[in-house]
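Undergrad: Next up is a structure, given as structure tokens.
The values are calculated or read from the model by the stated rules, or taken from the named source; none is laboratory data. Because the structure is predicted, anything quoted here is derived from the model rather than measured. Virtual Cβ from ideal backbone geometry, glycine too; neighbours counted across all protein chains shown. To get the accessible areas, we keep the full protein, side chains included, count just its heavy atoms, and leave off ligands, DNA and RNA. Shrake-Rupley method; radii C 1.70, N 1.55, O 1.52, S 1.80 Å.
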Amino acid sequence: MKHFLSIILALFVCLNVSFSQPLLLQTIKGVVIDADSKEPLTGIVVTINGKIGNTITDSTGRFKINAVPVGLQTIEFSANNYETKVIEGIEVTSGKEFFLQVTLNEKITFLSEIVIRSNKKQNNSLNEFASVSARSFSMDDTKKYPITGFDPGRIAQNFAGVSLTEDNSNAIIIRGNSPKGILWKLEGIEIPNPNHFGSTGSGGGNISMLSSSTLDKSDFYAGAFPAEFGNALSGVFDLKLRKGNSDKHEHSIMVGDLGIEASTEGPINRKAGSSYLVNFRYSTFALIKGIAEIDGVTPDYQDLSFKFNFPTKKAGTFSIFGLGGINKQLREPVIFGGFRPIMALFRVEEKGLLGVVGLSQQIFLNKKSYLQNTIAATSDNYYSNVDTLDYNNNYARGAVGRTKFISPTYKWATTYNNKINNHHTIQIGLITSYLGYNFIDSQYNGINNSLRVIFNSKGNSFLYEAYLQWKWRLNSHIDIIPGIHYTMLALNKAKSIEPRFSLTYYAPGSQKISLAAGLHSKPEHLSTYFFQNLKSNLPGFAYQNLGLTKAAHATLSYQKNLKNISIKAEAYYQYLYNVPVEKDSAGFFSMVNALSVYDLYDLDSQLVNNGKGKNYGLDVSIEKPFLKNWHFLTTASVFRSGYTAYNGKSFHTRFDRNFQLIVITGKEWKASHNNKRRLGANAKVLVAGGLRESPIDYERSAAQHKIVYAVDKYYSLQTTPYSRMDMGISYRINRPKSTHIIMLDVQNIFNQKNVVRTTYDIQAKQTSKDYSLGIFPLFNYRIEFSKNS
């Protein structure tokens with residue numbers, strides 16, 4: 001720690017050397033498009049701070065303003081026939097040009113009266129078909145919230161209705177739902193879970209493969225999704241990669257605790273407007289292997305993301321995008337000399353690989369309609385070897401488990417969007433997914449002292465989806481959005497027809513009231529259908545005919561925008577049905593409590609779609625955006641999450657935390673003249689109910705030599721309330737053509753001991769508590785720099 005602080009101090013001193021420099025200037029540029037038709041808008045007046053660089057957009061909707069002073073700026077976009085939009089708190093730095101893509105809503109005019117609907121809330125969803133439980137996020141949010149690690153999942157942990165599972169995980173619980181109910185989309189196409197060290201079929205992991213430094217402004221949804229989203233029950237990440245700078249080559253390097261990252265972007269052909277963006281990261285822990293660990297494991301990973309953008313005059317704009325990640329970890333048991341262990345020693349070796357590559361085309365058929373086509377290939381692979389180490393035989397290995405999951409997919413999606421007029425916009429989409437699989441898994445069977453196959457399947461299937469949604473702006477105060485989504489899994493012909501509907505009323509006084517409701521569904525991870533139960537005599541592939549898990553969502557939202565503060569409250573109810581549960585009158589297993597496919601391994605009976613569940617609660621957020629050098633966000637959630645087992649009895653889900661409160665605030669100060677240096681600090685306080693546990697029946701556990709839970713008391717216990725405080729500081733130095741940023745975040749600064757779970761050693765007949773990470777510093781040094789050619 002002493003050396004660590006010395007390094008930070010040395011960087012601070014070196015970078016803070018004072019030089020006499022002129023006023024630092026930068027360029028702000030971007031494109032303005034119609035919110036519904038996505039048509040580039042010509043003649044939009046762009047003004048900075050009401051006086052700097054007054055310009056208008058050209059025939060392609062683009063604008064460019066040079067000689068903008070570094071620091072915080074406010075940009076206004078206005079036109080006679082479009083609603084004015086003001087974007088505040090934009091931080092302009094010397095090392096990188098600032099690019100904006102702005103959407104404007106067309107005014108609705110009745111006779112000679114023009115009524116302008118004003119809404120300056122900057123984190124509203126980018127999707128014009130979304131009315132509730134949706135918000136956008138960007139790279140700037142990593143500066144607002146401590147301990148995000150440039151990770152989309154950890155950014156979302158700060159939103160209303162979202163809670164974490166463990167300190168060292170970015171898997172999130174949305175309104176009491178399992179993290180595996182999340183849909184991940186990149187550039188408009190569904191992708192596998194893009195997280196390092198995520199389990200098969202899970203919705204999270206430890207570290208995202210996608211750094212938010214490569215992401216454009218993206219959307220996050222917490223329920224009642226628009227009709228375009230299928231294959232989701234709890235939430236949606238709709239992620240967009242940035243387009244590289246088409247005028248100037250820009251680069252960045254970041255060195256930190258979690259990874260060493262380098263990115264580059266710039267023009268391929270300036271005249272054509274084509275560009276590239278490439279980002280690569282390698283685990284810092286892997287480079288200093290043996291020196292630093294997390295929970296006794298050295299995280300070893302690397303990832304690559306890229307986007308190449310090619311505008312054309314006649315065929316529209318083409319984009320080639322991709323994401324790749326490799327991770328591996330080895331967990332060796334700690335062996336003390338001369339000590340004979342009571343429990344078996346295990347050696348676990350795991351490796352994960354994920355790849356995504358895609359091609360998209362957007363072409364405008366006319367000024368009011370466009371067609372978007374995307375094709376992509378993905379591969380999600382997982383390998384695992386688990387061995388025991390025999391203490392009596394020189395720690396010789398004995399095979400306990402051998403796993404190989406390979407999941408190649410090929411996807412095609414097409415979207416047709418038509419803004420018929422300023423009242424009506426329709427969107428139609430088709431999605432086809434080819435699902436390949438090769439699942440091999442053998443686990444130790446104590447009855448005959450050998451490995452027994454529980455997965456051995458190879459083949460393919462298809463998932464078909466289609467949707468239609470219509471936005472009807474009845475007048476300047478009311479939006480009505482009906483829609484429908486269709487899903488069918490060809491493997492077993494399971495299907496779902498899902499109507500969706502939302503109504504939004506824009507009331508006087510910058511108020512918005514929305515109601516949204518609809519049906520949603522999600523098939524299980526494909527491996528679930530080929531699971532062969534290890535503990536029962538069920539026939540092979542007994543789960544292959546499982547239907548889709550379904551849910552009905554209803555959300556009522558109220559939003560009030562004051563001068564600089566937004567207040568939002570959402571009451572919601574979610575009814576889950578057709579849920580796979582264990583077909584056992586004494587059983588309690590339900591897929592609503594599962595984190596991944598590995599939760600199936602302890603089942604004694606077949607799964608059937610007889611389960612139910614419900615989540616209901618209230619989410620409240622009060623937010624002040626980053627204006628006048630400070631911001632705050634307060635979110636509060638109270639909720640209940642329960643499920644019904646096969647026998648008709650109801651219990652809490654394992655994710656029923658009941659409440660959560662988050663308070664975040666941050667401020668920046670000028671550390672020198674002309675914003676050349678800025679010092680920032682932020683803090684976060686988090687208090688939440690504990691996760692649920694089932695009480696253990698110790699007598700039955702001893703008799704059956706396995707953990708047995710008390711009958712009808714499942715998930716009736718709750719760990720102690722969770723609490724922690726995080727803090728972060730940053731120091732930004734602007735120099736000609738470069739920006740240096742030093743960031744230090746500290747998670748759980750008071751080292752609060754939060755209980756994660758209770759474990760029980762059957763042989764020793766002892767219980768113990770597993771705790772969260774505790775205090776964890778996260779240091780990053782980042783430099784952004786550019787050149788003209």
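Undergrad: At q = 0.08, 0.11 Å⁻¹, what log₁₀ I(q)/I(0) does the chain have when each alpha carbon counts as one equal point scatterer in the Debye sum?
TA: -0.69, -1.36
Undergrad: What relative contact order, as a whole-number percentage, does segment 684-729 give when Cα pairs under 8 Å and 6 or more residues apart are counted? Walk me through the numbers on the way to the answer.
TA: Numbers: 69 pairs, mean separation 24.8, N = 46.
Over segment 684-729, the number comes to 54 percent.
Undergrad: Further question on the same structure: Compute for segment 365-523: radius of gyration divided by Kirkwood radius, i.e. Rg/Rh, restricted to C-alpha atoms, rounded to two decimals.
TA: Values: Rg = 25.2 Å, Rh = 20.4 Å.
Taking Rg over the Kirkwood Rh, I get 1.24.
Undergrad: From zero up to wherever the largest Cα-Cα distance of segment 116-272 sits, split into 10 Å bins and tell me the percent of pairs in each.
TA: 10, 38, 34, 15, 3, 0
Undergrad: Let me check against my output: what whole-number percent is the relative contact order of the chain, with C-alpha pairs under 8 Å and at least 6 apart?
TA: Values: 2234 pairs, mean separation 84.4, N = 789.
In percent, rounded to a whole number, it is 11.
Undergrad: Moving on to the next point. Charges on Cβ only, +1 for Lys and Arg, -1 for Asp and Glu, centred on the Cα centroid of the chain; of ILE44, LEU686, VAL711, which one is farthest towards the dipole's positive end?
TA: Looking along the dipole axis, the top candidate is ILE44.
Undergrad: Given the convex hull over the Cα atoms of segment 384-429, what projected area results after averaging over all orientations, in nm²? Walk me through the numbers before you get to the answer.
TA: Details: hull surface 25.8 nm².
For segment 384-429, averaging the hull's shadow over all directions gives 6.4 nm².
Undergrad: So what's the Cα pair-distance distribution over segment 714-789, bin width 10 Å, in %?
TA: 15, 27, 21, 16, 11, 7, 2
Undergrad: OK, next. Report the full-extension gain for the segment LEU717 to SER672: residue separation times 0.36 nm, less the Cα-Cα distance, to one decimal in nm. Write out the running numbers ahead of the final one.
TA: Details: separation 45, 0.36 × 45 = 16.20 nm, distance 5.42 nm.
Using 0.36 nm per residue and subtracting the Cα-Cα distance, I get 10.8 nm.
Undergrad: Over the residues of segment 539-681, compute the C-alpha Rg and express it relative to 2.2 N^0.38 Å. Don't skip to the answer; put the middle values down first.
TA: On the way: Rg = 22.7 Å, N = 143, 2.2 N^0.38 = 14.5 Å.
Rounded to two decimals, the normalised Rg is 1.56.
Undergrad: Further question: Please give the length that would be gained between TYR598 and VAL357 if that part of the chain were fully extended, namely 0.36 nm times their separation in residues minus their C-alpha to C-alpha distance (nm, one decimal).
TA: Contour length minus Cα-Cα distance gives 84.0 nm.
Undergrad: Please turn the phi angles of segment 255-263 into ³J(HN,Hα) values with the Karplus equation 6.51 cos²θ - 1.76 cosθ + 1.60 (θ = phi - 60°), one per residue in order, whole Hz, x for glycine and proline.
TA: With the stated coefficients, segment 255-263 comes to 10, x, 4, 8, x, 10, 10, 9, 9 Hz.
Undergrad: Hey, another quick one. Based on the Kirkwood radius over alpha-carbon pairs, what is the Stokes-Einstein translational diffusion coefficient of segment 606-668 at 25 °C with 0.890 mPa s viscosity, in µm²/s?
TA: Details: Rh = 14.5 Å.
Estimated diffusion coefficient is 170 µm²/s.
Undergrad: With +1 on each Lys and Arg Cβ and -1 on each Asp and Glu Cβ, and nothing else charged, work out how big the dipole of the chain is about its Cα centre, in Debye to the nearest 20. Don't skip to the answer; put the middle values down first.
TA: Details: 86 positive and 62 negative charges, 308 e Å.
So the dipole magnitude of the chain works out to roughly 1480 debye.
Undergrad: Within segment 500-589, list the trypsin sites (Lys or Arg not before Pro) lying in a DSSP loop whose Cβ has at most 15 other Cβ atoms in a 10 Å radius. Please report the intermediate quantities before stating the final value.
TA: Working: sites: ARG500, LYS512, LYS535, LYS550, LYS560, LYS563, LYS568, LYS583; in loops: LYS535, LYS563, LYS583.
Those that pass, being in a loop and sparsely packed, are LYS535, LYS563.
Undergrad: Which whole-number percent is the relative contact order of segment 625-733 (Cα, under 8 Å, 6+ apart)?
TA: Details: 227 pairs, mean separation 27.9, N = 109.
Reported relative contact order: 26 percent.
Undergrad: Debye sum, Cα scatterers, segment 620-772, no solvent: what log₁₀ I/I(0) at q = 0.12, 0.21 1/Å?
TA: -0.72, -1.28
Undergrad: Roughly what % of DSSP beta bridges within the chain run antiparallel, to the nearest 5? Mind dumping the intermediate values first?
TA: Values: 328 of 340 bridges.
Percentage antiparallel, nearest 5: 95.
Undergrad: Dividing the alpha-carbon radius of gyration of segment 599-707 by 2.2 N^0.38 Å (N being the number of residues), what value is obtained? Before the final figure, lay out each step's value.
TA: On the way: Rg = 23.4 Å, N = 109, 2.2 N^0.38 = 13.1 Å.
Taking N as the residue count of segment 599-707, the ratio is 1.79.
Undergrad: Which lysines does LYS522 reach when only Cα atoms under 18 Å apart count, and residues fewer than 8 places away in its own chain are ignored?
TA: Qualifying lysines at Cα under 18 Å: LYS180, LYS185, LYS411, LYS493, LYS495, LYS550, LYS612, LYS614.
Undergrad: Tell me, what is the per residue accessible area of segment 211-267 in Å², probe radius 1.4 Å? Provide the component values of the computation, followed by the final result.
TA: Values: 1180 Å² over 57 residues.
Value for segment 211-267: 21 Å² per residue.
Undergrad: Label ILE260 and THR758 with points 7 Å out from Cα along Cα→Cβ: what is the distance between them in nm?
TA: My value for the distance between the label points is 4.6 nm.
Undergrad: Just to verify a number: FRET efficiency for ILE567 and TYR434, C-beta to C-beta distance, R0 = 51 Å, to 0.05? Show your work: numbers first, answer last.
TA: Details: r = 46 Å, r/R0 = 0.90.
Calculated transfer efficiency: 0.65.
Undergrad: For the chain, take the longest principal axis of its alpha carbons; what is the angle in degrees between that and the long axis of helix 2-15, to the nearest 10 within 0 to 90?
TA: Rounded to the nearest ten degrees, it is 10.
Undergrad: Give, in nm to one decimal, the length gained when the segment between LEU515 and PHE750 is fully stretched (0.36 nm per residue of separation minus the Cα-Cα distance). Before the final figure, lay out the partial values.
TA: Numbers: separation 235, 0.36 × 235 = 84.60 nm, distance 4.15 nm.
Here the answer is 80.5 nm.
Undergrad: On to the next question. What does the charge add up to near LEU186, with Lys and Arg as +1, Asp and Glu as -1, over the other residues with Cβ less than 9 Å from its Cβ? If you can, show how the numbers build up before the last one.
TA: On the way: positive: LYS185, LYS240; negative: GLU187, GLU190, ASP238.
Surrounding charge for LEU186 is -1.
Undergrad: Quick one: if you stick a label point 7 Å off each Cα along the C-beta vector at THR312 and GLN704, how many nm between them?
TA: Distance between the two pseudo-spin positions: 6.4 nm.
Undergrad: Could you pull out every residue, at least 5 positions away or on a different chain, whose amide H is within less than 5 Å of the one on TYR709? Hs are placed 1.01 Å off N in the peptide plane, and Pro or chain starts have none.
TA: So TYR709 has HN proximity to ASP697.
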